[in-house]
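Data first, discussion second: the structure below is written as C-alpha cells.
The values are calculated or read from the model by the stated rules, or taken from the named source; none is laboratory data. Just so you know, these numbers come straight off a predicted model, no measurement behind them. Cβ placement follows ideal geometry from the backbone for every residue including glycine, while neighbour counts extend to all protein chains displayed. Protein only, heavy atoms only, side chains kept; ligands, DNA and RNA dropped before computing areas. Shrake-Rupley method; radii C 1.70, N 1.55, O 1.52, S 1.80 Å.
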Amino acid sequence: MTRELTEISPKPLYQQVRERLLLRLIDGNWKAGDVIPSEIQLARELGVSQGTVRKALDEMVRDNILRRKQGRGTFVANSDDAEFVFQFFRLQPDDGDRVLPSSLVLTVTRDRATAATAAKLDIERGTETLRIERIRSLNDRPVISETVILVRALFEDFPKAPEIPNNLYNLYARRWSIRIGRTDERLKAAGASEIEAERLNCAVGTPLLCIERVAHDLSGAPVELRLSNCLTEAFHYAAP
C-alpha cells in the first residue's frame with residue numbers, strides 16, 4: 001500500500017494520505033460528528049507509518065476539517081461549530097470579543113453567469129446561477145452588504161429567502177453534502193454605492209472593505225462566489 005500511495009502522486013506521502021482521508025469525507029463514509037479510526041488503525045490500513053498519518057491529521061485539524069477532543073479521539077468537524085465558522089468569517093469588533101454575525105436575506109433570484117463569474121466558478125458563461133442578496137449584522141449593527149452566487153445545478157430545491165439560515169456552509173453540508181474545505185479571498189477598498197449605503201445606513205461613498213471570496217469543496221472544486229462589502233469604522237479584518 002505504501003508503494004501504491006507513492007506512485008499515485010509526486011506529493012509527499014502525508015499529503016497523499018490526507019487526500020485519501022478527504023475522499024472518505026467526500027464519499028460520505030465519514031459524516032460530521034463521526035469519530036474517525038485511530039492513527040494506528042489508519043496507519044495499518046494504509047500501509048504507512050503512524051507518524052505519516054499523524055502529520056496528515058494534524059493538517060486536517062489545522063484546516064478545521066477535523067477536531068481533536070481530549071480523551072475522546074478525533075472527530076469530523078461540524079460546519080456549525082463556532083471555530084469552523086470563524087475560520088471563514090474574519091470581520092471582528094475593534095474592541096471586545098469576536099462575535100458571529102446575524103443575517104437578513106433580502107432576495108433569492110435566478111441569474112446567468114457573466115464571463116467574470118464563470119471564470120471564478122469554473123463554469124460556462126451563461127450557466128444558470130442562484131443569487132442571494134443579504135445584510136449581515138454584528139452586535140445588531142448592519143455592517144456587511146453581501147451577494148452570494150451559486151451554481152444552481154449543485155443546489156437543487158434551494159430554500160426561499162425566509163427559510164435560509166445564517167450559516168450557509170452548514171446548509172450546504174446538511175442538505176447537499178457539499179462541505180467547504182477552503183476559500184480564496186481578494187480584498188480591496190471601494191466607496192459605498194447607493195444600494196450599499198441604503199443597506200448599511202451610511203453615506204454614499206463611505207469607504208468599504210470589499211472581500212471577494214471563492215469557496216471550494218473538499219475536492220477543490222469552486223462552488224460559491226461571495227462578494228462582501230463591509231463597514232470597518234468599528235471593525236477590522238482579522239487575518240488567519
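Taking (1) open to solvent by less than 20 Å² (accessible area, probe 1.4 Å); (2) at pLDDT below 95; (3) more than 22 Å from the chain's Cα centre (by Cα) in turn, Tyr169 satisfies each apart from (3).
Taken together, the residues in region 212-232 that are open to solvent by 20 Å² or more (accessible area, probe 1.4 Å) and over 11 Å from the mean Cα position of the chain (by Cα) amount to 7. Which residues, taken from region 123-161, are exposed (fewer than 14 other Cβ atoms within 10 Å of the Cβ) and in a loop (DSSP other than H, G, I, E, B)? Listed by number, the residues that qualify are Glu124, Arg125, Gly126, Asn139, Asp140, Glu156, Asp157, Pro159, Lys160.
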